[in-house]
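The values are calculated or read from the model by the stated rules, or taken from the named source; none is laboratory data. The model shown is predicted, which means the values in this text are computed figures rather than measured ones. So basically every Cβ, Gly included, is an ideal-geometry build from the backbone, and we count neighbours across all protein chains shown.
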Amino acid sequence: MQGKMRALVKTERAPGLTLQEVDIPSVGPNDALVKVAATSICGTDYHIYSWDEWSQGRINPPLIAGHEFAGEVVEIGDNVDIVKTGDMVSAETHIVCHTCPQCRIGELHTCINTSIIGVDVDGCFAEYVSIPAYNLWVNDPDLDPAVASAQEPLGNAVHTALAGPVAAQRIAVTGAGPIGLMSIPVLKKTGAQLVIVTEVNEFRLNLARELGADIAINPAEEDPVAAAMEATDGLGVDGVLEMSGNPQAINQGLKMLRPGGRMSVLGVPSGREVTVDMANDIVFAGVKMEGIAGRKMWETWYQTAGLLAAGLDIEPIITHRMPLEDFEKGMDLMASGDCGKVVLIP
């Protein structure tokens, strides 16, 4: 398809994005062109927008930002047979090599040659996006495009939650950003006995309660470890989903855990080092600690789609919808924390 489209472009090594008219991307033999119906803002997108230290070391302008989307396939390459025009799709945003040792043993989510759309290659803050057809997930056509666009981060929540036992378990979630918030209904839907959430932002803390958190704690006002111990008769929680990347929250999460419990870590600290009491909180406690990298391809996508089909409701997490041109307002909301998921409509 030839022509022009609007897109949010990182034009230079400086804060901000620019709404520009650019060429509609071409489609290679193994690619598909998707007309974007909805695209949601991720924390990574805000890092790129604000041009933080991570972005300065990773992003090479010019680049179209954005990696979470849903839309309609409007063109396919000559070799494509796994999707067809008219399909409503979302995308696994990690483009993997299929040839490294990790890919060949079935651990594609840890591919050592991963490229990410909107980070390493042009993304979806645009009217159209071209992507390898292998990375597309065909949606139920009745699924709200805003919800469909949020399946990628929802998959992170699902992967983190289901990395250990959930049914009849007492689980703490440290950090109620959008993915932490998504983990609450996932935990409830999969049978958690008790869900404790810690978060300093009152808007998100209230949203956590709305989504079903049994106990919601502001650690700036209350000791979350003491509260978790009281709620579990002094035994500690069975699992912690670490969603914040905050060093203090990581240590609080470890101290909430019962001996032999599990901590599944999705949050990324802004610094390189976090100090923990390795001996007492991990080794002697027999804690199982696992880093969560994105979504398992494609196991997590089947789990996520199954949960949505079974009635998992993440609509309350989508707190704002706005036109693509209002992206700066969306970024301001992300900076404030007074939002759940912010969705842009091209």
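The conditions of being surrounded by fewer than 20 Cβ atoms within 10 Å (Cβ to Cβ), in contact with a strand residue (DSSP E or B) (Cβ under 7 Å, 6 or more places away or on another chain) and over 24 Å from LYS288 (Cβ atoms) are not met by PRO178. Whenever a residue of the stretch 163-187 is more than 14 Å from ALA216 (Cα to Cα) and touching a residue at least 40 places away in the same chain (Cβ under 8 Å), its partners that are among the basic types (Lys, Arg) and crowded, with 24+ Cβ neighbours inside 10 Å, lying with C-beta atoms within less than 7 angstrom and at least six residues away or across chains, give the pairs PRO178/LYS341.
Quick check on the stretch 238-255. Is at least one of its residues farther than 15 Å from ALA172 by Cα and assigned to a helix (DSSP H, G or I)? Checked the stretch 238-255: at least one residue is farther than 15 Å from ALA172 by Cα and assigned to a helix (DSSP H, G or I).
Inspection of the stretch 222-236 finds no residue satisfying the criterion of being assigned to a loop (DSSP other than H, G, I, E, B), crowded, with 16+ Cβ neighbours inside 10 Å and among the acidic types (Asp, Glu).
Restricting attention to the stretch 299-314, the residues being part of a helix (DSSP H, G or I), surrounded by 13 or more Cβ atoms within 10 Å (Cβ to Cβ) and either in the same structural domain as ALA146 (by TED's automatic domain parsing) or among the hydrophobic types (A, V, I, L, M, F, W, C) (or both) number 4.
For the stretch 43-85, the set of residues classified as at pLDDT 95 or above, closer than 26 Å to ASP338 by Cα and not in a helix (DSSP H, G or I) consists of TRP51, ILE64, ALA65, GLY66, HIS67, GLU68, PHE69, ALA70, listed by residue number.
The set of residues in the stretch 64-82 that are surrounded by fewer than 16 Cβ atoms within 10 Å (Cβ to Cβ) and of a type in the set (A, V, I, L, M) contains only ILE82. When the criteria are applied in full, ALA91 meets the requirement of being crowded, with 17+ Cβ neighbours inside 10 Å, in contact with a helix residue (DSSP H, G or I) (Cβ under 7 Å, 6 or more places away or on another chain) and among the small types (Gly, Ala, Ser). Among GLU290, GLU325, which is the only one that is acidic (Asp, Glu), in a helix (DSSP H, G or I) and either crowded, with 17+ Cβ neighbours inside 10 Å or at negative phi (or both)? Among GLU290, GLU325, only GLU325 is acidic (Asp, Glu), in a helix (DSSP H, G or I) and either crowded, with 17+ Cβ neighbours inside 10 Å or at negative phi (or both). Of note, GLN20 satisfies the criterion of being free of Cβ contacts under 8 Å to residues at least 24 places away in the same chain, assigned to a strand (DSSP E or B) and surrounded by fewer than 24 Cβ atoms within 10 Å (Cβ to Cβ).
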